[in-house]
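The values are calculated or read from the model by the stated rules, or taken from the named source; none is laboratory data. Being a predicted model, the structure only gives us computed values, none of them experimental. Neighbour counts are summed over all protein chains in view; Cβ atoms, including those assigned to glycine, are modelled from backbone coordinates with ideal geometry. Side chains included, ligands, DNA and RNA excluded: accessible areas come from the protein's heavy atoms. Shrake-Rupley method; radii C 1.70, N 1.55, O 1.52, S 1.80 Å.
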2 protein chains.
Amino acid sequence: MFMDNSACKRVDKNQIEKLTIPPPETITRMSAIFQALQSSARLNILFLLKDRDMCVCELSEALEASQSAISHNLRVLRQLDLVRVRKEGRFAVYYIADEHVRLLIEMCRQHIIEEYR
Amino acid sequence: MFMDNSACKRVDKNQIEKLTIPPPETITRMSAIFQALQSSARLNILFLLKDRDMCVCELSEALEASQSAISHNLRVLRQLDLVRVRKEGRFAVYYIADEHVRLLIEMCRQHIIEEYR
DNA sequence: CATATATATGAAGGATTGATCATATGTTCA
DNA sequence: TGAACATATGATCAATCCTTCATATATATG
């Protein structure tokens, strides 16, 4: 019943010391990106932007969400460089930052699709 | 100052109706997967498993985390089929579920790496 | 069989998150 | 210039998440 925190029998200390994980900064950054992608609202935004650059009010219309909510969510995505903005007059037109973002999302969808076969 | 929720001038109702996003089930599922990947602890686990199948106590050792925490985190990953288990005697040996999971993580890391160039 | 080892899991509590509300900033146009 | 339009953002609060603690289950071994 009592459990100290000594190594289990399967552990090979030497081998374990050889294992490398990315530096904390990388893990933190990845964590933040996945954290951003974890929201349904933000995923929907990304799926729309995947097909066409859109301004805030278009996204707001298309997703039937408040301007404020969309704007807050776009900021999260923007701060992680998942989307970018350009100004067109009074409109802020958002678009997917790069190919990695598309692939990231596509890879996740693939994983799900394959589950149901 | 006053804002009703009517369409902005950039919106083309016809075009917006043509836009398609994945069904809610897919979005929910993707959301859950990204939610699982959003934890530093779980990302570290996945990076270790990427190189070698490992049991709970090995992971616990390698990451200097409690058995309970590791176990809880593995359950989250398992329930989303991001990792799988096989029993080896009294050990539960965990491994990455499939290639998509590897690519998903790799794609995210790539995105970060490219930012710093 | 009894004990040590390995893992799983429910409950609880503090920390974190996200939508909403209110308001500020910036742009266009009459 | 002033009014309407488009977007951004701070504050707040309910909901959610993650770790720890306590304990249960399952296997191995003497």
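Residues that are within 8 Å of chain A (Cβ to nearest Cβ), in a helix (DSSP H, G or I) and either within 13 Å of DNA strand C (Cβ to nearest atom) or over 29 Å from A:MET30 (Cβ atoms) (or both) within the stretch B:16-27 comprise B:ILE16, B:ILE27, listed in sequence order. The number of residues in the stretch B:60-80 that are more than 7 Å from DNA strand D (Cβ to nearest atom) and closer than 24 Å to A:GLU115 by Cβ comes to 7. Residues considered: B:ARG109, B:ARG102. Of these, the only one that is closer than 16 Å to A:ALA32 by Cα and more than 14 Å from DNA strand C (Cβ to nearest atom) is B:ARG109.
Quick grid of which residues meet (1) farther than 16 Å from A:THR20 by Cβ; (2) among the aliphatic types (A, V, I, L, M); (3) in contact with a helix residue (DSSP H, G or I) (Cβ under 8 Å, 6 or more places away or on another chain); (4) open to solvent by less than 60 Å² (accessible area, probe 1.4 Å):
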| position | (1), (2), (3), (4) |
| --- | --- |
| B:THR26 | yes, no, yes, yes |
| B:MET30 | yes, yes, yes, yes |
| B:ILE33 | yes, yes, yes, yes |
| B:ALA36 | yes, yes, yes, yes |
| B:ASN44 | no, no, yes, yes |
| B:MET54 | no, yes, yes, yes |
| B:HIS72 | yes, no, no, no |
| B:ARG75 | yes, no, no, no |
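Filtering the stretch A:30-51 to residues that are among the basic types (Lys, Arg) and more than 16 Å from DNA strand D (Cβ to nearest atom) leaves only A:LYS50. For the stretch A:77-96, a tally of residues being part of a helix (DSSP H, G or I), surrounded by fewer than 19 Cβ atoms within 10 Å (Cβ to Cβ) and in contact with a Lys or Arg (Cβ under 9 Å, 6 or more places away or on another chain) returns 1. Which of the residues spanning the stretch A:104-117 are under 12 Å from the mean Cα position of the chain (by Cα) and either more than 11 Å from B:HIS100 (Cα to Cα) or more than 7 Å from chain B (Cβ to nearest Cβ) (or both)? Hits for the stretch A:104-117 are A:ILE105, A:GLU106.
Selection of the stretch B:97-117 for residues being open to solvent by less than 70 Å² (accessible area, probe 1.4 Å), without any contact (Cβ under 8 Å) to a residue 12 or more places away in the chain and among the β-branched types (Val, Ile, Thr) yields only B:ILE112.
Taken together, A:LEU77, A:LEU82, A:LEU43 contain a single residue that is closer than 19 Å to B:HIS100 by Cβ and within 12 Å of the chain's Cα centre (by Cα), which is A:LEU43. The requirement of being open to solvent by 60 Å² or more (accessible area, probe 1.4 Å) and at the interface with chain A (Cβ under 7 Å from one of its Cβ atoms) is satisfied by B:ARG10. Counting just the residues of the stretch B:37-46 that are more than 8 Å from chain A (Cβ to nearest Cβ) and aliphatic (A, V, I, L, M), which one comes out nearest to DNA strand C (Cβ to nearest atom)? Residue satisfying both the conditions and the ranking: B:ILE45. The numbered conditions (1) surrounded by 13 or more Cβ atoms within 10 Å (Cβ to Cβ); (2) out of contact with any Leu (no Cβ under 6 Å at 6 or more places or on another chain); (3) without any contact (Cβ under 8 Å) to a residue 60 or more places away in the chain are all true for B:GLU64 except (1). Restricting attention to the stretch B:75-99, which residues are under 21 Å from B:MET30 (Cβ atoms) and within 7 Å of DNA strand C (Cβ to nearest atom)? Answer for the stretch B:75-99, where residues must be under 21 Å from B:MET30 (Cβ atoms) and within 7 Å of DNA strand C (Cβ to nearest atom): just B:ARG75.
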